[in-house]
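These notes concern the structure reproduced below.
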Amino acid sequence: MEANGLGLKGFPELKNDTFLRAAWGEETDYTPVWCMRQAGRYLPEFRETRAAQDFFSTCRSPEACCELTLQPLRRFPLDAAIIFSDILVVPQALGMEVTMVPGKGPSFPEPLREERDLERLRDPTVVASELGYVFQAITLTRQRLAGRVPLIGFAGAPWTLMAYMVEGGGSSTMAQAKRWLYQRPQASHQLLRILTDALIPYLVGQVVAGAQIIFAKDGHFALEELAQAGYEVVGLDWTVAPKKARERVGKTVTLQGNLDPCALYASEEEIGQLVKQMLDDFGPQRYIANLGHGLYPDMDPEHVGAFVDAVHRHSRLLRQN
């Protein structure tokens, strides 16, 4: 999602628009590639930049977000940048406290437990103004990118955010959040509505200028619905077979994905083979290469580079044949 509250005129001209053209279904010379969580702890320079600051303080510093967004682009010939931020800035803007606990992840000291807890939440219409720092980071990054590649913005979906707010952190079962769905359907609807009303102006604030990407983790049961929801791009996780996905969604949307992130633990040679297979399965057009989820902190940057290079190399060869 390309963004800027100032109108698009003030930005450097885009030099590499391969990612956007693939998203729009236009022909490209090679398959564009980027990685979820490409600005992250697997990079030593990321750990150095982040070391001095609390996680959410970093999120609130446009300068720091810009630096972290640009770091992977200095190392790898990626076809898109994704702004450094976090999905939980939205619950924060709604008035909930969130801390990042080292080794554990995000934690809500006071999660939503009862229906009446919804009264603690701020009016969702103020969220976009509370998140001005994200828009500043996007604007600054667009300028510093100098048109190298497009910039992607993002937000967490209402259900994902509800799960965190009710569970108080990450959860493998989401049992507390699902309990709300069954025991408090009305309050659940109310909470999802509050989140939706907060997210729409937040995403509009990030200003949609071209590519709209939806990525639904474990969303394989609803591929057809996702493909018809009005998005140009549907992201797939690694549990979905590319050929089957293409059969199910047709040629009207661009698919993105979907190498298992753990494949990057393999040798560089094997990564090349896995990439080749993935590109063959997705086909050359209407496709953006990515992992099926985010990079893990203990991954070797050299292997991330091998993944990016393999996509560019094999996709050019595919088109020649």
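The values are calculated or read from the model by the stated rules, or taken from the named source; none is laboratory data. In this text the structure is predicted, and so the values were computed from the model without any measurement. Positions of Cβ are backbone-derived with ideal geometry, glycine not excepted, and every protein chain shown enters the neighbour counts. Note: accessible area is taken over every heavy atom of the protein model, side chains too, but ligands, DNA and RNA are not part of it. Shrake-Rupley method; radii C 1.70, N 1.55, O 1.52, S 1.80 Å.
Pairing residues of region 299-321 that are in a helix (DSSP H, G or I) with residues that are open to solvent by 30 Å² or more (accessible area, probe 1.4 Å), at Cβ distances under 6 Å and at least 6 apart in sequence or on separate chains, gives ALA306/GLU268; HIS314/LYS276; LEU318/PRO284; ARG319/PRO284. Suppose the filter is buried (at least 21 other Cβ atoms within 10 Å of the Cβ), closer than 18 Å to PRO32 by Cα, modelled with pLDDT under 95 and not aromatic (Phe, Trp, Tyr); does VAL253 pass it? Criteria met by VAL253. Highlighted here are the helices (runs of 4 or more DSSP H) found entirely within region 144-256 that include at least 2 residues which are under 18 Å from ASP86 (Cα atoms): 158-167, 185-205.
If you go through region 75-106 and keep only what is modelled with pLDDT of 95 or more and basic (Lys, Arg), you end up with just ARG75. Against the test of being open to solvent by 50 Å² or more (accessible area, probe 1.4 Å), on the phi < 0 side of the Ramachandran plot and hydrophobic (A, V, I, L, M, F, W, C), the options ALA216, ALA263, ALA229, ALA306 yield a single qualifying residue, ALA229. Every test in (1) open to solvent by less than 20 Å² (accessible area, probe 1.4 Å); (2) over 20 Å from the mean Cα position of the chain (by Cα) is passed by ARG246 save one, and that test is (1). Of all residues in region 44-74, those satisfying the criterion of being at pLDDT below 95 and open to solvent by 60 Å² or more (accessible area, probe 1.4 Å) are ARG47, GLU48, ALA51, ALA52, GLN53, ASP54.
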